[in-house]
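Colleague: I'd like to ask you about the structure that follows.
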Amino acid sequence: MTRALRKRARQWFQPGRLAVQLIWLALAIALLWLTLRAVDLREVWERLRRLEPEQIGLLLLINLAVLATFSLRWWLLLLAQGYRISYALLIGYRLATFAVSYFTPGPHFGGEPLQVYLVSSRHGVPLSASVAAVVVDKTLEMTTNFTFLTLGALFLVQAHPMLGIGQTQLLFTTVALLLAPLSLLIALLAGGRPLSALLKVFDRMGQRWSAYRGSAFRPFTETRWARAIYNSEAQSVALCRNHPGFLLLAVGASLLSWGAIIGEFWLMTAVLGMRLTIAEAITALLAARIAILLPMPAAIGALEASQALAMRMLGQSSAAGVSLSLLIRARDVLFGVAGLGLAGALLARSQKSAPSTDESGAVLPELLDLSSGSTPPER
C-alpha cells in the first residue's frame with residue numbers, strides 16, 4: 001500500500017499534470033478573491049458570529065447522520081454478495097474516502113480505491129466483490145445526483161424565466177451528464193460489459209495497425225488491468241442481475257441520502273438567519289452541486305461564487321451566500337481532516353497486520369488483479 005501511495009504521488013506531481021493543477025488552483029483563488037471582494041465581509045462575520053454552540057453541535061450531529069446514509073448503499077451492496085461488515089466501520093471507511101475525494105482535484109472521485117483496499121485487506125472480501133460493490137455504489141450515486149440536477153435545473157428555468165436560460169439547451173446539458181452513469185447501470189442490468197467490449201475494439205484496431213506496420217502487438221485483453229476490468233464487470237453484472245431486491249433498497253438509500261442532504265442544507269440556511277422555503281433551499285443547493293462538479297480542489301472559489309449568486313437571485317444578500325458557503329466549507333474541512341487522520345490510522349494498522357509478502361499492498365498499484373476468487377461465504 002505504501003508503494004502504491006508513493007507511485008500515486010509521483011503521478012500527481014508529473015510536470016504536465018502539476019501545471020494543469022496549478023492553473024486550476026490559480027483560477028480558483030482568483031474566483032474566490034473576486035467573490036469576497038464583491039460582498040460585505042462585515043455582514044458575513046456577523047452572520048457566522050451569531051451561531052450558538054448548540055446550533056453548531058446540532059449541525060455536526062445531523063451531518064454525521066447524513067454521512068451514515070451514504071454508507072447504507074455500500075453496506076447493502078456488500079451484504080447482497082454475502083459479506084456482512086460492521087455498519088459503524090463502513091461509516092469510518094466512508095469518512096476516510098470522503099477526505100481523499102475532497103482534497104483531490106476534480107469532481108466526486110479519488111477515494112474509491114481506498115474503499116476497495118479497506119474492505120479487501122481488513123475483512124477478506126475478494127477484490128472482485130469489493131470493486132463490484134464500489135462500482136455499483138458509485139453508479140447509483142452519480143445517477144441519483146445527475147437526476148437531481150436535471151430535475152432541479154428544469155425547476156429553476158420554470159420558476160425563474162428571467163434568467164434567460166433556454167429550456168432545450170439546459171435539458172440537453174443535464175441529460176448528457178445523466179446519460180453516462182445511467183447507461184452503465186442499464187448495461188449492467190442487461191448483462192452487458194461495455195468496458196470489456198471497448199477493450200476488444202481497441203484490440204482489433206491495434207492488431208490492424210501492427211499488421212500494417214509489421215510490428216508485434218500484445219492484445220490489451222491479455223494485460224493485468226484488462227483482466228481486472230473484466231472480472232469486476234462480471235461481478236457487477238452478477239450483483240445487479242441476481243439481487244434486484246438489494247438494488248432497489250440501494251436506490252431507496254440514495255433517495256434517503258438526498259432527503260437528508262436537502263434537510264441539512266435548509267437547516268444551515270435557517271441558523272444563518274435566512275428564511276428560505278424548501279424550494280428556495282433546493283435552488284441554492286443545486287448551485288452548490290454544480291460548483292462541486294468543477295475540477296477545482298475542494299471547489300475553492302466556485303462554491304462561494306455559486307452561493308453568492310444563488311442568494312442574490314433569491315432576494316438575499318450576497319454576503320448571506322458567502323456565509324453559507326463558509327459554513328459548508330468549515331464542515332467539509334473538519335470532516336476531511338478527521339477523515340485523513342482516520343485513513344492514516346487505518347493504513348498504518350493494515351501495514352502492521354499485512355503478511356510479509358505484502359499482498360495487500362498490491363491492491364492499488366494496478367487497480368487490482370481481480371483474478372482472485374469471488375465466491376461469497378455462506379450466509
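Colleague: Given a 1.4 angstrom probe, what's the average accessible area per residue across region 188-234, in square angstrom?
Modeller: With all protein chains present, region 188-234 gives 69 Å² per residue.
Colleague: Are there trypsin sites (Lys or Arg not before Pro) in region 232-321 that DSSP puts in a loop and that have at most 14 other Cβ atoms within 10 Å, and which ones?
Modeller: Arg275
Colleague: Please compute the Kirkwood hydrodynamic radius over region 203-334, one decimal place, Å, based on all pairs of different Cα atoms.
Modeller: 18.8 Å
Colleague: Now for a different question. First compute the accessible area of region 243-302 with a 1.4 Å probe, then give the percent of it belonging to carbon and sulfur atoms.
Modeller: Carbon and sulfur together cover 79 percent of it.
Colleague: Another one. Would you mind computing, in nm to one decimal, how far apart the modelled labels at Ala176 and Ser215 are, each placed 7 Å from Cα along Cα→Cβ?
Modeller: With each label point 7 Å from Cα toward Cβ, the separation is 3.4 nm.
Colleague: Moving on. Give, as ranges by residue number, the residues of region 237-269 whose backbone N falls under 19 Å from the point 7 Å along Cα→Cβ of Ala65.
Modeller: 252-269
The values are calculated or read from the model by the stated rules, or taken from the named source; none is laboratory data. None of the values given here were measured: they were computed from a predicted structure. Positions of Cβ are generated from backbone atoms using ideal geometry, with glycine treated the same way; all protein chains shown enter the neighbour counts. Areas reflect the complete protein model, heavy atoms only, side chains present, ligands, DNA and RNA absent. Shrake-Rupley method; radii C 1.70, N 1.55, O 1.52, S 1.80 Å.
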